[in-house]
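*Asks:* Just dropping this structure here.
Each reported figure results from applying straightforward, stated rules to the coordinates on display, with no laboratory input. These numbers were taken from a predicted model, which means no experiment stands behind them. Neighbour counts are summed over all protein chains in view; Cβ atoms, including those assigned to glycine, are modelled from backbone coordinates with ideal geometry.
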Amino acid sequence: MASGKSALLLNRVAYLRSLNKNVSVAMHAVSHRERMHAVSRAGPQEYALRFKGPSDLQHFIRNGEILAIDEIQDLGMSFSAAIGQILDRGFSIVAAGRDTDFRGETFPLMEWLALRAMECVSLSAVCTTCFSPALRSQRLIRGEPAHWDSPVHEQCLPFETYEPRCLDHHQIPGKPR
Ligand SMILES: [Zn+2]
C-alpha cells in the first residue's frame, strides 16, 4: 500500500549502514514475485535476498548482521519460531509489512511481532477515491475488486494490484454479513 513503509525500511537500512552495521535485505519468495527488489514508490530500492522456509532465514544471519525484511506479513506464523530464535541469539530484525490482508483481517504474524518489537511505527495512506485516511488495502484483479473467497496470495500477476481505501470505499464482493 502507498504508505511509504518500504521507503522507511530502506531509509532505516541506510542509517544502520552509516553506523557500519552489516544489513541484509530480504523478502519471501511469494512477495512481489515480479520484482527483484525491495522497492518503495518514493524511489529507493535494493536487491532483496529471497527465501522460502524458516531455515532459509537462519542462513542470512551471520555475526553482527541485521536482517531487514520487506513485506514481512507474507511470512506467516510458520516463521515465528525462527524469528524468535534469531532474536534470542541477539541479532536484530527490522521489518516492514501490512497489518491487514485485503479482507481487512489482521495478519497473525503482525500481531505476534508487535508484541515483541522494541519499536513499532504505524504509517497510513490516503484513500485513492476520497483522500480520507485509508485503513484497508483494496485488492483489484484486472481492475475489479477481488472476491472474499480469493486466496490471500493470488496467482494472477500482473493483473493483481492494490490501492489504499477508506472503510467506505473498501469493496469485497461476497463478504459474509
Ligand atoms: Zn474513501
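*Asks:* How much mean residue ellipticity at 222 nm does the chain get from its helices, if each DSSP H run of length 4 or more adds -39500 (n - 2.57) and you divide by all residues, to the nearest 500 deg cm²/dmol?
*Replies:* Taken over the chain, the calculation gives -6500 deg cm²/dmol.
*Asks:* Moving to a separate point now. Give me, ordered by chain and number, the residues 5 or more places off S92 or on other chains with an amide H under 5 Å from its own placed amide H.
*Replies:* HN-HN under 5 Å from S92: L67.
*Asks:* How large is the convex hull of the C-alpha atoms of the stretch 125-165 per residue, in Å³?
*Replies:* Cα convex hull per residue, to the nearest whole number: 73 Å³.
*Asks:* Taking the square root of 5 times each eigenvalue of the Cα gyration tensor, what semi-axes in Å does the equivalent ellipsoid of the chain have, largest first?
*Replies:* Ellipsoid half-lengths, sorted descending, are 29, 17, 15 Å.
*Asks:* Order these peptides, 80-87, 121-128, 65-72, by their mean beta-carbon neighbour count within 10 angstrom, highest first.
*Replies:* Result, highest mean first: 65-72, 80-87, 121-128.
*Asks:* Among the aspartates and glutamates, which have Cα under 12 Å from the Cα of K21 when same-chain residues fewer than 8 positions away are ignored?
*Replies:* E65
*Asks:* Among S92, S3, rank each residue by its count of other Cβ atoms within 10 Å, from fewest to most, as a rough exposure measure.
*Replies:* Least to most surrounded, the residues fall as S92, S3.
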